[in-house]
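So the structure is just underneath, and the comments pick up after that.
The values are calculated or read from the model by the stated rules, or taken from the named source; none is laboratory data. Every value quoted in this text rests on a predicted model; they were computed, and no experiment measured them. Here the Cβ positions follow ideal geometry from the backbone for every residue, glycine too, while neighbour counts run over all protein chains shown. In case anyone asks, the SASA skips ligands and DNA or RNA and just uses the protein heavy atoms, side chains included. Shrake-Rupley method; radii C 1.70, N 1.55, O 1.52, S 1.80 Å.
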Amino acid sequence: MESMVSDMAADWSPSISKAAGPLYLAIADALSVDIAAGRLPVGTRLPPQRTLADRLGIDFTTVSRAYAEARKRGLVEGRVGQGTYVRARRPSRPEPSAGSGLIDMSMNLPPRFDDAVLAARMWDDIADLKTGDGLGLLMRYQEAGGSVLDKAAGAAWLAPRLGAVAPERLLVCPGAQGALLALLGSLAGPGDTVCADGLAYPGFLAVADYLRIRVVGIEMDDEGLVPEAFETACRQAAPKVLYCNPTLHNPTTSTLSLGRRERIVAIARRHRVAIIEDDAYGALPADPVPPLAALAPDLAYHVAGLAKSVSPALRVAYLVLPEPGKTAPLAGAIRATAGMASPLTAAVATQWIEDGTALAVLDAIRKESRQRQKIASGILPAELVRADPEGFHAWLALPGRWNRGDFASRLRSAGIGVVTSDAFSVSGPAPEAVRLGLGAAPDQQALAASLRAVADLLAQPPGLSSMVV
């Protein structure tokens, strides 16, 4: 039976038209048709890519893209050293319903890129983990703080921004949220005070509230945290920690200049305040400002998750400590709160970093983000929007006739979710503004449709945007 299947595969030659659009899609479509018709049963080995390219008189790259597209669709699977085989079809997991075609922009996700070859490369890397001690990866615990191999990969990922990082100064954490919980719980206790941007990441605020730690909001301007306001807070509140998000700030999109970073570091050192640098978006800029941890490696705790720069499914973050002696207590905090980072997801991250897949994904996210920001800038009123071409969210200030609650409610009734400023506000009145996540839309067309709905609502007086009967 196996030889019959092999012979069948050797003779397979799809009927395609070179004038009917991209050839790689035509080949993948023909493969799908033949599988559905039973002409290529489960387990059939497909012709080698070069053989099929010669048979069809096309280049090897086109066939490679076609096989990658087929893997993306779940039609075939690659077996190391054996070839490509028709796989058993599993019920597909449906995409969330888009209803009217509009989207939920409340989640700040990296945008989905359109690159079938890269997507297939990501899945192939995951499949490759089963070679070697794949079962051991599934059936054993690992040390809290990560394996030596995973720490080395994290250090390599951070090196372009932080320089050389000794692996013994680095911990692998179960996502940035897990790192923040372990870190804040180690640096401050119930009743202590920490400082943060006046508008801060809600996840950090939730951790502080859970630990019963008081958060003092620091005044911000268009560039971000104001150093003089931080100095005043240090004198008046004696904080243990400064938490900040200095690059592509969430939600305002601002990035602190080098000069302002140096002033903040000097103030923190003078008042002996530890710095937690949440660098969730730090990998996105092609030419980044040096992180606080590069300016003050003796003072700053650097948290760099992969959720925004590679994949939200990778709940992995790298925590760089000021000195190796602090790793043991923080590893203990990770053990007490989460046990460990998932060895499987950490191994995926390591594989992608080591073979260059992570960097390729980052480049694809950067490219797609720039395109989506361009779409947003062409639809939304420029005078109301703050955004950065290298980020994938925008901060929308509402005109005087709108308040944030009514605006978000009207959008929600149209199937569009946004986050109001209340979620980020630390102290004082929240501004009349909302955050828009540009990466949640499945494609650029869906994003444009939703942004047009936002722009249309902005142009209407609140009383005319709804009807009460």
(request) Taking the residues in segment 96-149 that are in a loop (DSSP other than H, G, I, E, B) and of a type in the set (Phe, Trp, Tyr) as candidates, determine which candidate is modelled with the lowest pLDDT. (result) Tyr141
(request) Pick out the one residue from Arg140, Arg161 that is under 20 Å from the mean Cα position of the chain (by Cα) and open to solvent by 30 Å² or more (accessible area, probe 1.4 Å). (result) Arg161
(request) Name every residue in segment 342-352 that is open to solvent by less than 30 Å² (accessible area, probe 1.4 Å) and of a type outside the set (Gly, Ala, Ser), in order of residue number. (result) Pro343, Val348, Thr350, Trp352
(request) Output the residues belonging to segment 271-322 that are of a type in the set (S, T, N, Q) and open to solvent by less than 10 Å² (accessible area, probe 1.4 Å). (result) Ser309
(message) Given the criterion buried (at least 21 other Cβ atoms within 10 Å of the Cβ) and touching a Ser or Thr at 6+ places or on another chain (Cβ under 8 Å), identify the matching residue among Leu242, Leu199.
(response) Leu199
(request) Enumerate the pairs (first residue in segment 340-368 and outside any helix (DSSP H, G or I); second residue anywhere and aromatic (Phe, Trp, Tyr)) with beta-carbon separation below 9 Å, excluding pairs fewer than 6 apart on the same chain, so at least 6 apart or on different chains. (result) Met340/Tyr141
(request) Filter segment 251-264 for residues that are in contact (Cβ under 8 Å) with a residue 24 or more places away in the chain, open to solvent by 10 Å² or more (accessible area, probe 1.4 Å) and not in a loop (DSSP other than H, G, I, E, B) and give the result. (result) Leu258, Arg260, Glu262, Arg263
(request) Could you tell me whether segment 414-427 includes any residue that is outside any helix (DSSP H, G or I), at pLDDT below 95, open to solvent by 60 Å² or more (accessible area, probe 1.4 Å) and in contact with a strand residue (DSSP E or B) (Cβ under 7 Å, 6 or more places away or on another chain)? (result) yes
(message) Condition check: more than 28 Å from Ala164 (Cα to Cα), in contact with a helix residue (DSSP H, G or I) (Cβ under 9 Å, 6 or more places away or on another chain) and among the β-branched types (Val, Ile, Thr). Does Val215 satisfy that?
(response) yes
(request) Select, from Ala358, Ala382, the only residue that is modelled with pLDDT of 95 or more, over 23 Å from Ala455 (Cβ atoms) and either touching an Asp or Glu at 6+ places or on another chain (Cβ under 7 Å) or among the hydrophobic types (A, V, I, L, M, F, W, C) (or both). (result) Ala358
(request) Out of the residues in segment 36-79 that are part of a loop (DSSP other than H, G, I, E, B) and of a type in the set (Lys, Arg), state the one that is surrounded by the fewest Cβ atoms within 10 Å (Cβ to Cβ). (result) Arg39
